[in-house]
Amino acid sequence: MRADTPVRLDDVGSLPVVLEPIAAGQMLGLGRTTTYRLLRQGAFPVPALRVGRSWRVPTAGILAHLGLPVTSTSGEGCSRCGARSNHGMEGES
């Protein structure tokens, strides 16, 4: 996904698992400067991961924040966060 191209609802299913900060900020209506300022301050509206000197923002967090369904392409995974593990099954038998 290019940072200067708006994301359309039809494109949501083809988004990568994690986004670059500028693309994530754009989806939330934030500019580049504001996005990086919020990341540095720990105030970005969705969870973000620091990977070395870079930032990554999980797509599932962006979609959940926007109230969009987080779908799993494999049919497996947590309907709450999009994770592909069995953590949502804890305590169930």
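The values are calculated or read from the model by the stated rules, or taken from the named source; none is laboratory data. Worth saying up front: this structure is predicted, and the values here are computed from it rather than measured. Every residue, glycine among them, receives a Cβ derived from its backbone with ideal geometry; neighbour counts consider all protein chains shown. When the accessible area is computed, the model is the full protein with side chains, heavy atoms only, and any ligands, DNA or RNA have been set aside. Shrake-Rupley method; radii C 1.70, N 1.55, O 1.52, S 1.80 Å.
Name the residue, out of Arg2, Arg40, that is open to solvent by 70 Å² or more (accessible area, probe 1.4 Å) and modelled with pLDDT of 95 or more.
That would be Arg40, the only listed residue that is open to solvent by 70 Å² or more (accessible area, probe 1.4 Å) and modelled with pLDDT of 95 or more.
Which of the residues that make up segment 12-37 are buried (at least 18 other Cβ atoms within 10 Å of the Cβ), free of Cβ contacts under 8 Å to residues at least 40 places away in the same chain and within 21 Å of Pro69 (Cβ to Cβ)?
Those that are buried (at least 18 other Cβ atoms within 10 Å of the Cβ), free of Cβ contacts under 8 Å to residues at least 40 places away in the same chain and within 21 Å of Pro69 (Cβ to Cβ): Ala23, Ala24, Gln26, Met27.
Which one of the conditions (1) open to solvent by 60 Å² or more (accessible area, probe 1.4 Å); (2) among the polar types (S, T, N, Q); (3) at pLDDT 95 or above does Asn86 fail to meet, given that it meets all the rest?
So Asn86 meets the others, but not (3).
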